[in-house]
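The values are calculated or read from the model by the stated rules, or taken from the named source; none is laboratory data. Computed from a prediction, not measured in an experiment: that's the story for all the values here. Cβ: placed from backbone, ideal geometry, glycine included. Neighbour counts: every protein chain shown. Please note that ligands, DNA and RNA were not included when accessible areas were found on the heavy atoms of the full protein model with its side chains. Shrake-Rupley method; radii C 1.70, N 1.55, O 1.52, S 1.80 Å.
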Amino acid sequence: MDIRKGLPIEYVDDQQKLQNCERHLSESSEFSFDLEFDNNHYSYGITLCLIQISTKERCFVIDTLQPLDLSGLFGVFENKAIQKICFSPDQDLMLLRSLNCKTQNIFDVAVAAKLLNTPAAGLGSVLESKLQVREKAG
């Protein structure tokens, strides 16, 4: 499988686009996510910079350095009926918690991989060994 033939990426940098994303996620039974943050490099403390979210139909890159109200998105993260899929989310969950988002119904692929005795610890290795998904060079 060539992962570059995936879903188009929707850049979210204003409130209307964020609300569109929130509506889509609210109608989904599951989504995967990953956070990118700055840890004391350009400002004091941890700063949320980017949220990457994917469902089976759509991918979103949310620019959290823009002036966005994330409360609706955090409500989706707190919805127990929607499963959130992630990989080793310890720092992501701590950051969300510090922003008053209490994420519910989490599936950690890293924990599942350990339970399945997957030898390599990285997400790329897990995808390759269990799903035969690998990124093509070039």
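Across region 46-63, coupling constants 3J(HN,Hα) worked out from phi with the 6.51/-1.76/1.60 Karplus curve, θ = phi - 60°, read 9, 10, 5, 10, 7, 10, 9, 9, 9, 10, 5, 9, 9, 10, 10, 10, 9, 7 Hz, and Gly and Pro carry x. Distance from the alpha carbon centroid of region 5-27 to that of region 72-87 works out to 14 angstrom. Taking every protein chain into account, the 1.4 Å probe leaves residue 107 with about 90 Å² of accessible area, to the nearest ten.
Give me log10 I(q)/I(0) at q = 0.19, 0.29 Å⁻¹ for region 56-96, Debye formula, one equal scatterer per alpha-carbon, no solvent. Those come out to -0.78, -1.34, one per q. Other residues within the sphere of radius under 13 Å centred on the Cβ of residue 56, judged by their own Cβ, net out at -2 (K and R +1, D and E -1). Measuring r between the beta carbons of residue 71 and residue 116 and using R0 = 30 Å, the FRET efficiency lands at 0.25. Peptides 75-85, 94-104 ranked from most to least packed by the mean count of surrounding Cβ atoms within 10 Å: 75-85, 94-104. A 1.4 Å probe over all protein chains sorts 115, 93 by accessible area into 115, 93, starting with the largest.
Shown are 57, 10, 27, 22, whose ranking by accessible area with a 1.4 Å probe and every protein chain present, most to least, is 27, 57, 10, 22.
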